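Report on the structure given below.
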């Protein structure tokens, strides 16, 4: 299966193409410009590099949790491409995709949820060991330390860890610490093989919690 992967859950936008489980093109861009300005050029680049335009079976898109704005832009782009090209669309939970950075290990992906909290979920061999939750970053690290065996920690909040790492907890290397479109595509391929295909019209982001803007609005108008 040939799949286009799109990932914008954090400050870096990533796009990749895989052919039958092999990564053939990937681009990552962290830019002051809006994803709405940079994402489609990235898609064009990987399509050109891979020669995949007429051979894509599906587009896999990271659906969160993560940046509210980034997720909306990525999902709108993926939906437009899937509809225009007549291919399948697969919504991939961001933390599950991040576990594909360490497919043969225990991993704790952490995505910034603000206020020293993180979206977190434990995985082993790309299978969930816990439910998706929002927790203080140091609490999530401490819980990982109670597991048997090594646990890799990845995500965009590693610089916010204040507690000492337990002996079995290891920080991901720089090339594996962030969400990657190639991992989204690889995860999407497994989901597609298992029969999971989403409806292009009603696929929605996995927000988990309301945005800070929504919470502030409620505080100001619902007193």
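Please give the number of the condition residue 183 fails out of (1) outside the structural domain of residue 12 (by TED's automatic domain parsing); (2) assigned to a helix (DSSP H, G or I).
(1)
Just one of the numbered conditions (1) outside any strand (DSSP E or B); (2) within 17 Å of residue 158 (Cβ to Cβ); (3) in the same structural domain as residue 152 (by TED's automatic domain parsing) is not true of residue 111; which one?
(1)
For the stretch 120-148, enumerate the residues that are part of a helix (DSSP H, G or I) and either within 18 Å of residue 98 (Cα to Cα) or in contact with a helix residue (DSSP H, G or I) (Cβ under 6 Å, 6 or more places away or on another chain) (or both). Steps first, please.
So in the stretch 120-148, the residues part of a helix (DSSP H, G or I) come out as 137-144.
Across the stretch 120-148, the qualifying residues are 137, 140, 141, 144.
From the set of residues in the stretch 69-108 that are in contact with a strand residue (DSSP E or B) (Cβ under 7 Å, 6 or more places away or on another chain) and part of a loop (DSSP other than H, G, I, E, B), which is nearest to residue 3 (Cα to Cα)?
87
Can you tell me which residues in the stretch 109-157 are surrounded by fewer than 16 Cβ atoms within 10 Å (Cβ to Cβ), touching a residue at least 40 places away in the same chain (Cβ under 8 Å) and closer than 22 Å to residue 64 by Cβ?
114, 116
This table checks each residue for (1) in the same structural domain as residue 71 (by TED's automatic domain parsing); (2) assigned to a loop (DSSP other than H, G, I, E, B); (3) in contact with a helix residue (DSSP H, G or I) (Cβ under 9 Å, 6 or more places away or on another chain).
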residue: 11; (1), (2), (3): yes, yes, yes
residue: 17; (1), (2), (3): yes, no, yes
residue: 27; (1), (2), (3): yes, no, yes
residue: 31; (1), (2), (3): yes, yes, yes
residue: 37; (1), (2), (3): yes, no, no
residue: 45; (1), (2), (3): yes, no, no
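What's the total number of residues in the stretch 1-35 that are surrounded by 15 or more Cβ atoms within 10 Å (Cβ to Cβ) and more than 23 Å from residue 119 (Cα to Cα)?
13
For residue 64, all conditions in the list (1) in contact with a helix residue (DSSP H, G or I) (Cβ under 9 Å, 6 or more places away or on another chain); (2) farther than 19 Å from residue 193 by Cα; (3) outside the structural domain of residue 151 (by TED's automatic domain parsing); (4) outside any loop (DSSP other than H, G, I, E, B) hold save one; what is the number of the exception?
With respect to (1) in contact with a helix residue (DSSP H, G or I) (Cβ under 9 Å, 6 or more places away or on another chain); (2) farther than 19 Å from residue 193 by Cα; (3) outside the structural domain of residue 151 (by TED's automatic domain parsing); (4) outside any loop (DSSP other than H, G, I, E, B), residue 64 is out only on (4).
Inside the stretch 47-61, can you point out the residues that are in contact (Cβ under 8 Å) with a residue 40 or more places away in the chain and either in contact with a helix residue (DSSP H, G or I) (Cβ under 9 Å, 6 or more places away or on another chain) or over 21 Å from residue 190 (Cβ atoms) (or both)? Reasoning before the result, please.
Here is the first cut: in the stretch 47-61, the residues in contact (Cβ under 8 Å) with a residue 40 or more places away in the chain are 47, 52, 55-61.
Answer for the stretch 47-61, where residues must be in contact (Cβ under 8 Å) with a residue 40 or more places away in the chain and either in contact with a helix residue (DSSP H, G or I) (Cβ under 9 Å, 6 or more places away or on another chain) or over 21 Å from residue 190 (Cβ atoms) (or both): 47, 52, 56, 57, 58, 59, 60, 61.
If the requirement is being touching a strand residue (DSSP E or B) at 6+ places or on another chain (Cβ under 7 Å), at pLDDT 95 or above and over 23 Å from residue 92 (Cα atoms), which of these qualifies: 146, 180, 170? Please lay out each step first, then the result.
Numbers: 146 fails: touching a strand residue (DSSP E or B) at 6+ places or on another chain (Cβ under 7 Å); 180 fails: over 23 Å from residue 92 (Cα atoms).
Only one candidate passes the filter, namely 170.
The values are calculated or read from the model by the stated rules, or taken from the named source; none is laboratory data. Bear in mind that the values here come from a model prediction, so they are computed numbers and not experimental data. Virtual Cβ from ideal backbone geometry, glycine too; neighbours counted across all protein chains shown.
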